[in-house]
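K.L.:
Below: one structure in structure tokens.
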Amino acid sequence: MDATVASQEMEALVRHYTPMLYRLALTRTRNPSDAEDVVQEVFLRYLRSPHPPREEEHRKAWLIRTACHVCRNRAASAWFRRTVPLEGEIPLEDPQEREVFDAVQRLPLRYRTAIYLHYMEDMPVAQMAKALGLPVNTVKSHLHRGRALLRDALKGDYDDLRETL
Amino acid sequence: MTFVRRYKDAMRRLTPGGLSDRVLRGLNRPPRLRRRRWAGAATVAVALAVILAVTWLLRPGTVPGGGVPVALAAPDYPASTTYQEAQEAYRQAPRPSQDYLTALEDFSYAAAGSLLKTAQGNRLCSPLSLALTLSMLAEGAGGETQRILLEALGMEDTAALRQETAKLYRLLYTDNEVGCLLPAQSLWLDRDIAFRQETLDILARDYYAAAFHADLDAPETAQAIADWIAESTRGKLGGHPDAFRQDGSVGMLLYNTLYFYDQWLVPFAESQTTPQPFTLEDGSQVQADMMHARRTGVFYQGEGFTAASLPFQNDARMVFVLPDEGASVEAFLADGDKLARCLTADQSPDARTGTIEFGVPRFSYEVQLDLREGMEALGLGGLFTQEADFSGFSSELLCLASARQGATITVDEKGCEAAAYTEMAALAAGAMIQDTCTLILDRPFLYAVVSASGVPLFVGTVANPAA
């Protein structure tokens, strides 16, 4: 393998996927520091993987699945349970943006993840199901419940939360 | 403003600038620790090269600090394909020579017999995983050690072995929507060992082996190895890092993994699966979920057994051999020739074509095998002695300390999923090759508590520890 090409490919991969993976990890860990660590761990695993997927859709699904896995491992570790999550580090000055962000972050993890992937990353349900390793109907159910909880939390202020898939 | 717009704006604002640069710099560092409530401002990031650049620019013998393994060589794996592309690629791929394939088959059946003889209960081994690991070992072996490895593998020299292994890898490698066969290799060298980059480059090019420099005693390395095995076996093996911790004496670890998944050409109907008695060796019975199917195919009856096979979609097949009533599987493990004959009987000229009523129980299990005894039976005992020569990897390696295999298989109505890993550990120079002794205090014994200055403080005997 040509080192220059390989380095350039890897750099392009990191630059393309880091924002998405960071936001997904932030959604799941609720902590910017942890989220950054998760992103590094995901790319380290990609580098160490003997069979990293090359095709775009498979690669995206692999990265999302690995990020969820790494987040889950961190949450389960004893070190994580002993330390206190840092709060007040979310720099959102606009109160309405803050309100929307907090409402999503208060959702249960599985609804939060579905809302993030669908609304932030514009992922269709079938693609989300593949990335998360879940049946399509389960993903639809997570989105449906997530939207219902958001409607309650945001007092029906947003019409687009009422639209159906 | 819509919820989507507001949410997207919020999330974009929360994505820190320069994050990709930090990730690229940090790829060669362990994840930074969570900041405590009382911590100061942002930690200082030390600039390090991107891991792949480090791979190719690293001079022999130089090692960056830190506990995270550093890649020394990275193979260029074949791409995944569609099923149709795989069929076409299989037809076009340059094949290994018939001599090599015959030698590999002979080795495989001999190895299977030797390895399975040492096990009990549900048995499983991967002769191919062992063969590929030994092939890698041969590349870095010298003198008599290389000779016994080549002889066991039925090859004349490492140049031929290298070429044929590369062709075999490309022929076997399958990754499509129907199934996969994924071999993978890796080499982990202790960070205090000076190594020969030329050997690692050959292994990357012809054996598709990734090479890493790491502190082999560090828990991070055990985790990295467990993760590597889990990744390359699609999660079937690896996992817990404790199984890969080393004790300070190992200078090199060699791994092969093999992952197989394929679907039956014609699946079993789940509605036909029924509970049925299965008679054990001792004559007692257990209930098994028996899958049923009627197929037209080739079968063999004779020499004390019946054999038939079921094809998978990607051209592999699963052969089933049923010893006649009253006969045991042990007799078939007695030697490689007998094992080869029964496992290839469905392809022999005496096989007949007809209708086969299949009853195959669903099964799933995992095994761990110590390979040393089986390898000694194959003439490879010299790898574990002080005379072993692995100077092709490094002048600082001694002999093999251990060789083991983990494997798992699941067979159900849809198909078969199986995985194996083979591990070989070589001692570092400076590690003491010690005689061993067993001291189990299961009968009356004496003891003393002795001070640092040699004075016995207490002396006694234990006649009955339960009194």
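K.L.:
How much net charge surrounds B:ILE202 when only other residues with a Cβ under 13 Å from its Cβ are counted (Lys, Arg +1; Asp, Glu -1)?
P.N.:
Here the count lands on -1.
K.L.:
Averaged across A:19-32, how many Cβ atoms of other chains sit within 10 Å of each residue's Cβ atom?
P.N.:
So the per-residue partner count for this stretch is 3.
K.L.:
Only counting protein heavy atoms at a 1.4 Å probe, give the residues of region A:119-143, ordered by number, whose accessible area falls by 10 Å² or more when the other protein chains are present relative to the chain alone.
P.N.:
A:TYR119, A:MET120, A:ASP122
K.L.:
While we're looking at this one, here's another question. For A:GLN127, what is the net charge nearby, where nearby means another residue's Cβ is under 14 Å from its Cβ and Lys, Arg count +1, Asp, Glu -1?
P.N.:
0
K.L.:
Quick one: which of A:105-113, B:271-279 comes out on top by average Cβ neighbours within 10 Å, and what's the full order, highest first?
P.N.:
Going by the mean number of other Cβ atoms within 10 Å, highest first, we get A:105-113, B:271-279.
K.L.:
Let me ask something else. Separation between the A:GLU55 and A:ARG110 pseudo-spin-labels, each 7 Å from Cα along Cα→Cβ, expressed in nm?
P.N.:
Going by the 7 Å Cα→Cβ label model, 2.8 nm.
K.L.:
How many angstrom separate the Cα center of region A:86-165 from the Cα center of region A:30-78?
P.N.:
Here the answer is 20 Å between Cα centres.
K.L.:
Another question, then. Evaluate E = 1/(1 + (r/R0)^6) for B:ARG196 and A:ARG145, where r is the Cβ-Cβ distance and R0 equals 60 Å; express this FRET efficiency to the nearest 0.05.
P.N.:
0.55
K.L.:
Can you sort B:VAL178, B:VAL321 by solvent-accessible area, 1.4 Å probe, largest first?
P.N.:
Sorted descending by solvent-accessible area, the residues read B:VAL321, B:VAL178.
K.L.:
How crowded by other chains is B:309-315, given as the mean number of beta carbons from other chains within 10 Å of each beta carbon?
P.N.:
Across B:309-315, the average partner-chain Cβ count within 10 Å equals 0.
K.L.:
Next question, about the same structure. For peptide A:99-108, what's the mean number of Cβ atoms from other chains within 10 Å of each residue's Cβ?
P.N.:
3
K.L.:
Set the Förster distance to 51 Å, then compute FRET efficiency between B:SER284 and B:GLU151 from the Cβ-Cβ distance, nearest 0.05.
P.N.:
Approximately 0.70, to the nearest 0.05.
K.L.:
Count charges around B:ALA293 for me, please; just the other residues with Cβ under 15 Å from its Cβ, Lys/Arg as +1, Asp/Glu as -1.
P.N.:
0
K.L.:
Something else: Express the accessible area of region B:246-340 per residue in Å², computed with a 1.4 Å probe while the remaining protein chains stay in the model.
P.N.:
That works out to 53 Å² for each residue.
K.L.:
Among the listed pairs A:LYS60/B:LYS236; A:LYS140/B:LYS8; B:LYS117/B:LYS338, give every one whose C-alpha distance is greater than 19 Å.
P.N.:
A:LYS60/B:LYS236; A:LYS140/B:LYS8
K.L.:
Beta carbons within 10 angstrom, averaged per residue: use that to sort the peptides B:249-255, B:339-345, B:129-135, highest first.
P.N.:
B:129-135, B:249-255, B:339-345
K.L.:
Sticking with this structure for a sec: Would you tell me the accessible area of B:VAL450, worked out with a 1.4 angstrom probe on the heavy atoms of the protein chains, in Å² to the nearest 10?
P.N.:
Its heavy atoms expose roughly 80 Å² to the probe.
K.L.:
With a 1.4 Å probe and all protein chains kept in place, how much accessible area does B:SER364 have, in Å² rounded to the nearest 10?
P.N.:
Only protein atoms counted, so the area is about 80 Å².
K.L.:
Just subtract the alpha-carbon distance of B:ALA316 and B:HIS292 from 0.36 nm times their residue separation and send over the number in nm, one decimal.
P.N.:
Stretched fully, the B:ALA316-B:HIS292 segment lengthens by 6.6 nm.
K.L.:
Let me ask something else about it. Going by Cα centres, region B:343-369 and region B:443-467 are how many Å apart?
P.N.:
Result: 60 Å between the Cα centres.
K.L.:
Let me ask something additional. Given a 1.4 Å probe and no ligands, DNA or RNA in the count, how much accessible surface is buried by A and B, both sides, to the nearest 100 Å²?
P.N.:
5500 Å²
The values are calculated or read from the model by the stated rules, or taken from the named source; none is laboratory data. Here the structure is a predicted model, which is why all the values come from computation and not from measurement. Ideal geometry is used to build each Cβ from the backbone, glycine not excepted, and the neighbour counts take in all protein chains shown. Keep in mind that these areas ignore ligands, DNA and RNA; they rest on the heavy atoms of the full protein, side chains included. Shrake-Rupley method; radii C 1.70, N 1.55, O 1.52, S 1.80 Å.
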